[in-house]
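Some notes on the structure that comes next.
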Amino acid sequence: MDPTQVAVEYEYDPEARNWVFTVPELHIVGGGITREDAERRAREAIDFTLEYIQEQDEPVTEVLPKNRLTRH
């Protein structure tokens, strides 16, 4: 799989005392106790979602706008 970059938004929720992340382009929402935990979980969720998309023979470029894809 080619490395793909997508926007991830992080926000601390003081009421819940944890970090929340969203990946709007892939419709992913999650969280973690620490920022590092949230970042790790976001990477895992993105990897899982992109692998699933490819398994369904759906091109990633149809899910993500072309300007959001970066190939290395």
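Among the residues of the stretch 39-67, how many are at pLDDT 90 or above, loosely packed, with under 15 Cβ neighbours inside 10 Å and basic (K, R)?
2
If you take the residues in the stretch 1-10 that are surrounded by 14 or more Cβ atoms within 10 Å (Cβ to Cβ) and part of a loop (DSSP other than H, G, I, E, B), which one is modelled with the highest pLDDT?
Once the filter is applied, the top-ranked residue is V8.
Look at the stretch 26-38 and say how many of its residues are closer than 18 Å to D13 by Cβ and modelled with pLDDT under 95.
Residues flagged as closer than 18 Å to D13 by Cβ and modelled with pLDDT under 95 within the stretch 26-38 amount to 0.
Cβ-Cβ under 7 Å, sequence separation 6+ or interchain: first residue in the stretch 50-61 and under 17 Å from H27 (Cα atoms), partner at pLDDT 80 or above. Which pairs?
So the pair list comes out as V60/L50; V60/I53; V60/Q54.
Report yes if T70 is out of contact with any helix residue (DSSP H, G or I) (no Cβ under 7 Å at 6 or more places or on another chain), of a type outside the set (F, W, Y) and at pLDDT below 95, otherwise no.
In short, yes.
Say whether the condition of being surrounded by fewer than 17 Cβ atoms within 10 Å (Cβ to Cβ), at pLDDT below 95 and either β-branched (V, I, T) or not in a loop (DSSP other than H, G, I, E, B) (or both) is met by at least one residue in the stretch 11-24.
yes
The values are calculated or read from the model by the stated rules, or taken from the named source; none is laboratory data. A quick note: this is a predicted structure, and the numbers were derived from the prediction, not measured. Virtual Cβ from ideal backbone geometry, glycine too; neighbours counted across all protein chains shown.
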